[in-house]
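Trainee: Here's a structure for you.
The values are calculated or read from the model by the stated rules, or taken from the named source; none is laboratory data. Being a predicted model, the structure only gives us computed values, none of them experimental. Glycine gets a Cβ as well: all are built from the backbone with ideal geometry, and neighbour counts include every protein chain shown. Each accessible area value is taken on the protein alone, full model and side chains, heavy atoms only, with ligands, DNA and RNA left out. Shrake-Rupley method; radii C 1.70, N 1.55, O 1.52, S 1.80 Å.
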Amino acid sequence: MTPGQRGNRVLVLNSGSSSVKYQLLDMAGPTRLAVGLVERIGERGPGLLRHTPGEGDTRERELPVPDHRAALEAAAGELAADGLGLDAPELAAVGHRVVHGGRSFTEPTVVDDAVLAEIERLVPLAPLHNPANVAGIRTAMALNPDVPQVAVFDTAFHTTIPEHAARYAIDVRTAEEHRIRRYGFHGTSHAYVSRRTAALLGRDPAEVNVIVLHLGNGASASAVAGGRCVETSMGLTPLEGLVMGTRSGDIDPAVVFHLARVAGMSADEVDALLNQRSGLAGLCGDNDMREILRRVEEGDGEARLAFDIYIHRLRKYIGAYTAVLGRVDALAFTAGVGENAAPVRAAAVAGLTGLGLEIDERLNTARGRGARLISPEYARVAVAVVPTDEELEIATQAFALVGV
Ligand code: AMP
């Protein structure tokens, strides 16, 4: 490597409050050189590290991880054992997933002190996530000051949503003072999947309108017009929108006051109810769609109702986003449920031929891992299954920003 030249490697970090997920990618392929996870950071008892090299078996061990620094050092140690050093210039960048970029960050950004301060200013909007993201960035900076750190924001893809879709109909001054508006999340996934869907159709993203359904444990929908997001279902927080694993999604806001008045619940208690004890788990005790589908097969009424509520909400959003876009070229399913649960996909579009939506059941149930179409050729709207890859997207964006 000549002086001044950067290598092709990007380390992607997703730092949570008690865990760090990491991937090392070679952007020349791109190929995944290693993936890993450090869990139980700062908790009582030992932490857990799971590391899988690109080729080779997973290694797992317990170790003390009192803080993020210990976690990153342990991850760096595993990578070094595979011969994968994290020094500049081989390592071109570290890409960090940052949950909330507010309105300040519309694109990936090289981190400096001012950027860190701004991410911290946004903590009230994402009190659980942004502090952990900042801890991850600070640690990576301290461990490797020569490598550019790039923040890639979950909200950035949604900053193109027009005001009439992003604003709530509440008092303007209160909204402005407290920065209350629709921000949206899962943006890295919606960006990647909408672009990949256009590629699957052999078309330029600028030419196609796509509805993306990111159905994981958290779930969100987006409407993407010509490559730009124009609407998304999550709002000020990730609670709004679709029915999720443990979150209610849309609900009459008066339910919150009602619970405060009639049940004497505090704001924190209602928060926990709607975020942790609602959604599929609240409805039937299971948040895993595999388990729900199994129970439905067995004739379990509670699981059936949970499934039906989940599907009803999805169909409402498909209809709403069809109206938002005016013309839909493709509907893409992604994330754990969207990629794997054929019965969810079938039920979500059943009877929607009036909207041009149809599924070929043989294609829908065929085993497959890559991006694929599951609609018949004659259908007006292409229906696709597109595995999301947020780490690759973060790495791609970070690399593009610092690349040579
Ligand atoms: P994610 O948040 O994208 O990792 O998605 C996790 C969720 O995907 C799990 O909670 C399951 O509900 C769902 N899931 C994963 N595999 C399957 C499968 N084979 N069939 C149905 N649902 C699945």
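Trainee: Which ones in region 243-280 are surrounded by 17 or more Cβ atoms within 10 Å (Cβ to Cβ) and in contact with an Asp or Glu (Cβ under 7 Å, 6 or more places away or on another chain)?
Mentor: GLY249, LEU280
Trainee: Here is a follow-up. If LEU213 satisfies every condition in (1) more than 16 Å from the ligand (Cβ to nearest atom); (2) under 25 Å from LEU128 (Cα atoms); (3) under 24 Å from the mean Cα position of the chain (by Cα) but one, which is the exception?
Mentor: Status for LEU213: all satisfied but (1).
Trainee: Within region 271-289, track down each residue that is away from the ligand (no atom under 13 Å from the Cβ) and farther than 19 Å from LEU259 by Cα.
Mentor: Hit for region 271-289 is GLY285, nothing else.
Trainee: Follow-up. Filter region 313-364 down to the residues that are touching a His at 6+ places or on another chain (Cβ under 8 Å) and among the small types (Gly, Ala, Ser) and list them by number.
Mentor: If the condition is that a residue be touching a His at 6+ places or on another chain (Cβ under 8 Å) and among the small types (Gly, Ala, Ser), then ALA335, GLY338 are the ones that fit.
Trainee: Is there a residue in region 97-114 that is modelled with pLDDT under 90 and open to solvent by 60 Å² or more (accessible area, probe 1.4 Å)?
Mentor: No, region 97-114 has no match at all.
Trainee: Among the residues of region 102-114, is any more than 22 Å from GLY241 (Cα to Cα) and assigned to a helix (DSSP H, G or I)?
Mentor: yes
Trainee: Can you tell me which residue among GLU361, GLU339, GLU298 is within 27 Å of ARG203 (Cβ to Cβ), within 16 Å of the ligand (Cβ to nearest atom), open to solvent by 30 Å² or more (accessible area, probe 1.4 Å) and of a type outside the set (S, T, N, Q)?
Mentor: Exactly one residue qualifies, and that residue is GLU339.
Trainee: A further question follows. If you go through region 221-247, how many residues are under 13 Å from GLY279 (Cβ atoms) and within 16 Å of the ligand (Cβ to nearest atom)?
Mentor: So the count comes out to 9.
Trainee: Quick check: is even one residue across region 327-334 in contact (Cβ under 8 Å) with a residue 12 or more places away in the chain and more than 24 Å from ALA191 (Cβ to Cβ)?
Mentor: no
Trainee: Take ARG372 and decide whether it is surrounded by fewer than 21 Cβ atoms within 10 Å (Cβ to Cβ) and modelled with pLDDT under 95.
Mentor: In short, no.
Trainee: Ok, one more. Would you check which residues across region 28-51 are in contact (Cβ under 8 Å) with a residue 40 or more places away in the chain and not in a strand (DSSP E or B) and list them?
Mentor: PRO30
Trainee: A follow-up question, please. For region 380-404, give me each residue that is more than 16 Å from the ligand (Cβ to nearest atom), over 20 Å from GLU107 (Cβ atoms) and buried (at least 18 other Cβ atoms within 10 Å of the Cβ).
Mentor: Those that are more than 16 Å from the ligand (Cβ to nearest atom), over 20 Å from GLU107 (Cβ atoms) and buried (at least 18 other Cβ atoms within 10 Å of the Cβ): VAL381, ALA382, VAL383, ALA384.
Trainee: Name, by its number, the condition in (1) out of contact with any Lys or Arg (no Cβ under 7 Å at 6 or more places or on another chain); (2) in contact (Cβ under 8 Å) with a residue 60 or more places away in the chain; (3) not in a helix (DSSP H, G or I) that does not hold for LEU25.
Mentor: Result: LEU25 fails condition (1) only.
Trainee: May I ask you to list the residues in region 343-353 that are under 20 Å from ARG304 (Cβ atoms) and more than 8 Å from the ligand (Cβ to nearest atom)?
Mentor: The answer is PRO343, ARG345, ALA346, ALA347, ALA348, VAL349, ALA350, GLY351.
Trainee: Separate question: Could you tell me whether any residue of region 305-312 is more than 22 Å from ALA223 (Cα to Cα), surrounded by fewer than 18 Cβ atoms within 10 Å (Cβ to Cβ) and at pLDDT 95 or above?
Mentor: yes
Trainee: On to the next question. Consider region 207-236. How many of its residues are modelled with pLDDT of 95 or more and either farther than 14 Å from SER189 by Cα or of a type in the set (S, T, N, Q) (or both)?
Mentor: Looking only at that region, the number is 13.
Trainee: Now, a different point. Quick one: is THR58 closer than 24 Å to LEU25 by Cβ, open to solvent by 60 Å² or more (accessible area, probe 1.4 Å) and touching a strand residue (DSSP E or B) at 6+ places or on another chain (Cβ under 6 Å)?
Mentor: Against the criterion (closer than 24 Å to LEU25 by Cβ, open to solvent by 60 Å² or more (accessible area, probe 1.4 Å) and touching a strand residue (DSSP E or B) at 6+ places or on another chain (Cβ under 6 Å)), THR58 qualifies.
Trainee: Which one of these does ALA366 not meet: (1) closer than 29 Å to THR31 by Cβ; (2) surrounded by 14 or more Cβ atoms within 10 Å (Cβ to Cβ); (3) within 16 Å of the ligand (Cβ to nearest atom)?
Mentor: Only one criterion in (1) closer than 29 Å to THR31 by Cβ; (2) surrounded by 14 or more Cβ atoms within 10 Å (Cβ to Cβ); (3) within 16 Å of the ligand (Cβ to nearest atom) is unmet by ALA366, namely (2).
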